[in-house]
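Take a look at the structure below.
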């Protein structure tokens with residue numbers, strides 16, 4: 001199997017995770033004009049089921065900024081361009097993994113005024129393509145492995 005075939009197989013299950021983190025900055029000299037410090041964190045994720053669950057790295061979720069009272073918004077974009085909002089279901093700081101759950105579709109682009117969102121029940125993600133986990137017994141020490149991601153939105 002070629003690299004191209006591997007990428008074509010997993011691309012529909014690969015997502016971009018973008019996290020907007022805004023912290024109220026009381027020390028800002030320009031407090032009246034710019035009271036918030038904002039950053040965008042970005043990484044990759046993998047869809048694991050049609051219920052809207054996906055796995056990503058914990059550091060991409062901005063969870064550590066919650067202690068500073070940050071406003072955190074998670075966005076997930078699939079390979080077909082659909083954008084969703086998501087929440088953190090669980091996380092493991094030692095192995096740097098997080099389980100996210102898609103909550104609703106964002107019908108308009110991020111950053112274009114108010115988001116128009118369509119709330120979805122967990123059964124309404126038929127367009128998702130979960131990753132096909134292979135049988136672990138089919139692999140052996142010395143086999144080639146490949147990591148595929150989309151952390152720069154390519």
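The values are calculated or read from the model by the stated rules, or taken from the named source; none is laboratory data. Please read these numbers as outputs of a predicted model, since none were measured by experiment. No Cβ is skipped: glycine too gets one built from the backbone with ideal geometry, and neighbour counts run over all protein chains shown.
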Would region 106-121 turn up any residue that is within 16 Å of residue 47 (Cβ to Cβ), part of a loop (DSSP other than H, G, I, E, B), at pLDDT below 75 and over 17 Å from the mean Cα position of the chain (by Cα)? yes
Boolean, residue 100 is modelled with pLDDT under 95, surrounded by 10 or more Cβ atoms within 10 Å (Cβ to Cβ) and either at negative phi or part of a loop (DSSP other than H, G, I, E, B) (or both): no
